[in-house]
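The values are calculated or read from the model by the stated rules, or taken from the named source; none is laboratory data. The structure presented is a predicted model; accordingly, all values stated were derived computationally and were not measured. Neighbour counts are summed over all protein chains in view; Cβ atoms, including those assigned to glycine, are modelled from backbone coordinates with ideal geometry. Side chains are part of the model used for accessible areas, which takes the heavy atoms of the whole protein and leaves out ligands, DNA and RNA. Shrake-Rupley method; radii C 1.70, N 1.55, O 1.52, S 1.80 Å.
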Amino acid sequence: MTSPGPRLVLLGRQGAGKGTQASMLSAHFGIEHVSTGDLFRAAAAEGTQAGLEAKRYMDAGELVPDDTVIRVVEERFGDGGPLEDGFVLDGFPRTLRQAEELERVLVAHPLDVVVDLDVPTEIVLDRIAGRRVCEDCGTVYHLNMPPREDWACDVCGGRVVQRDDDTEEAIQRRLELYERETRPVVDFYRQLGRLAVVDAVGEGEEVFERIVKVVEKHLRSGPA
Ligand code: AMP
């Protein structure tokens, strides 16, 4: 039997590259990529009531209420699979209450490391304004780095579009909320000794190598 993969959280402001890096980490370590944003977008595309309600918050750049988010994450972890085999959480937790709930869910399987992707504001603004995503599989592109053919996804052929919440107003609101609601989450993990800050400026591959180094170091030294 192979040993279980790492249990990771990626933090970082919108546009820090969480989605891209989480996909790469998921492939590298063979662990599940759990993105609350993707779960909400999928629910909205299916037209479920919860999904459509979440979409209203998302389009306005607001956070989806904690109770809804926690329920969705608990459902995702409900069958125990990712808990046992390792995972990378992307976009969760975003509030202190979510972080505390996560500690409760993970009591028998503590996180190995929480990686905070650090990028200056002017860079995140450029990344979000130019960001385009595949509406089927979520692969992320940029106006400067489009798919090979006519905005059809290189991975699955889906349509590559701008996210509904990547408007200037919603971006501003999300960045404000990050400072107010998510910055305390960074401090929470720092106090627990689980935080690693990684410089996320540079090519995706370079940033990825920095993250893998940090994760491997934490795995060698055991959970904090
Ligand atoms: P993301 O794809 O991670 O940028 O998430 C897109 C949007 O989904 C966010 O702007 C929020 O409206 C909502 N969302 C995703 N994750 C969470 C979360 N953990 N807590 C509250 N809202 C969330």
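Of all residues in segment 54-74, those that are within 27 Å of E168 (Cβ to Cβ) and near the ligand (Cβ under 8 Å from one of its atoms) have Cβ atoms under 8 Å from Cβ atoms of residues that are polar (S, T, N, Q) and in a helix (DSSP H, G or I), 6 or more apart or on another chain, in A54/T68; G61/Q172; V64/T36; D66/Q98; V69/T36; V69/Q98. Residues satisfying the criterion are present in segment 30-50 (criterion: more than 9 Å from the ligand (Cβ to nearest atom), open to solvent by 60 Å² or more (accessible area, probe 1.4 Å) and of a type in the set (S, T, N, Q)). Scanning segment 18-29 for residues that are open to solvent by less than 20 Å² (accessible area, probe 1.4 Å) and within 12 Å of the ligand (Cβ to nearest atom) yields a count of 1.
When D59, D66, D38 are checked against the criterion of being among the charged types (D, E, K, R) and at pLDDT 95 or above, a single residue qualifies: D66. In the set P93, P6, P82, only one residue is modelled with pLDDT under 90 and either of a type outside the set (S, T, N, Q) or farther than 20 Å from E176 by Cβ (or both); that residue is P82.
Would it be correct to say that R56 is in contact with a Phe, Trp or Tyr (Cβ under 9 Å, 6 or more places away or on another chain) and among the basic types (K, R)? Here the answer is no, as R56 does not meet what is asked.
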